[in-house]
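In what follows, a structure is listed as structure tokens, so that the remarks can point back to it.
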Amino acid sequence: MRKTGMWVIAGLLLAPIVQAAPACQEPADVARAFFEASTGKGDLLQPPPALVSAAFGKALRGERACQVREEGICTIDSDPWLDGQDGDIDSAVRYQWKQASATAGQVEMYYTVWGEARLTRVPMVRQGQGCWQVDDILTHRGRSVRKILAQPVP
């Protein structure tokens, strides 16, 4: 009875550690989680760190710091999901994974904005055997959010 009790206690103590380490998700699931975390009540410039590459996360945080410092718009002047300043996504989003290599690929996202079909691409990277992460957003018109963020502040 004592040994069983000790195992139960050890299991209860270790449970939070096991739950804190999320399992790697498929690339389309990561893109979906990133989309959901960056739209609606979410914040494009503060996504969960596990979902974005270090370089893309740094660029997004830099834009947030610039917006605070400048008290307004810095380099991103439109919603990359809408590829414009106005609109609403008015359909379900369909995700399709296209792998380029063992460590790179992109998720294609299909949806409509005010009834017009849109295709947004989300390049994904994976370091070694790690989890897939969002590395950029390529808008419907092909604009790279990372390249926009790399531009000097006007």
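Computed quantities for the displayed model
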{"quantity": "Solvent exposure of the chain as accessible area per residue, Å², 1.4 Å probe", "calculated": "63"}
{"quantity": "Cβ charges +1 (Lys, Arg) and -1 (Asp, Glu), total dipole of the chain, debye", "calculated": "800"}
{"quantity": "Tilt relative to the chain, helix 27-38 - C-alpha long axis, 0 to 90 degrees, to 10", "calculated": "70"}
{"quantity": "Trypsin sites (Lys or Arg not before Pro) lying in DSSP loop within segment 35-141, provided at most 12 other Cβ fall within 10 Å", "calculated": "Lys41, Arg141"}
{"quantity": "Local electrostatic count, Trp132, Cβ distance below 12 Å [Lys/Arg +1, Asp/Glu -1]", "calculated": "-1"}
{"quantity": "Share, in percent, of DSSP beta bridges within the chain that are antiparallel, nearest 5", "calculated": "95"}
{"quantity": "Where chymotrypsin sites (Phe, Trp or Tyr not before Pro) fall in DSSP loop in segment 87-154, at most 13 other Cβ within 10 Å", "calculated": "Trp114"}
{"quantity": "Mean Cβ count within 10 Å, highest first, over the residues of peptides 23-33, 79-89", "calculated": "23-33, 79-89"}
{"quantity": "0 to 90° range, to nearest 10: angle between helix 54-70 axis and the chain longest Cα axis", "calculated": "60"}
{"quantity": "Global form of the chain, assessed from the alpha-carbon gyration tensor, a/c cut-off 1.5", "calculated": "prolate"}
{"quantity": "Overall form of segment 112-154 per C-alpha gyration tensor (a/c, 1.5; a/b vs b/c)", "calculated": "oblate"}
{"quantity": "Amide proton proximity set for Ile137, modelled H, under 5 Å, gap of 5+", "calculated": "Val145, Arg146"}
{"quantity": "For the chain, calculated [θ]222 nm from helices alone, where every DSSP H run of n ≥ 4 adds -39500 (n - 2.57)", "calculated": "-11000 deg cm²/dmol"}
{"quantity": "Apportionment of accessible area to carbon and sulfur, the chain, percent (1.4 Å)", "calculated": "57"}
{"quantity": "Table column - 3J(HN,Hα) (Hz), segment 139-152, Karplus curve with 6.51, -1.76, 1.60, x for Gly and Pro", "calculated": "5, 3, 8, x, 7, 8, 5, 4, 5, 4, 5, 7, 6, x"}
{"quantity": "Leading residue at positive end of dipole, the chain (Cβ point charges), from Leu44, Gly84, Ala23", "calculated": "Ala23"}
{"quantity": "Separation of the Asp88 and Glu116 label points, Cα + 7 Å toward Cβ, nm", "calculated": "1.7"}
{"quantity": "Rounded if a/c under 1.5, otherwise prolate or oblate - segment 35-88, Cα gyration tensor axes", "calculated": "oblate"}
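The values are calculated or read from the model by the stated rules, or taken from the named source; none is laboratory data. Keep in mind that this is a model prediction, so the values were computed, not measured. When we count neighbours, we look across all protein chains shown, and the Cβ atoms used for this are built from the backbone with ideal geometry, even at glycine. With ligands, DNA and RNA removed, areas are computed over all heavy atoms of the protein, side chains included. Shrake-Rupley method; radii C 1.70, N 1.55, O 1.52, S 1.80 Å.
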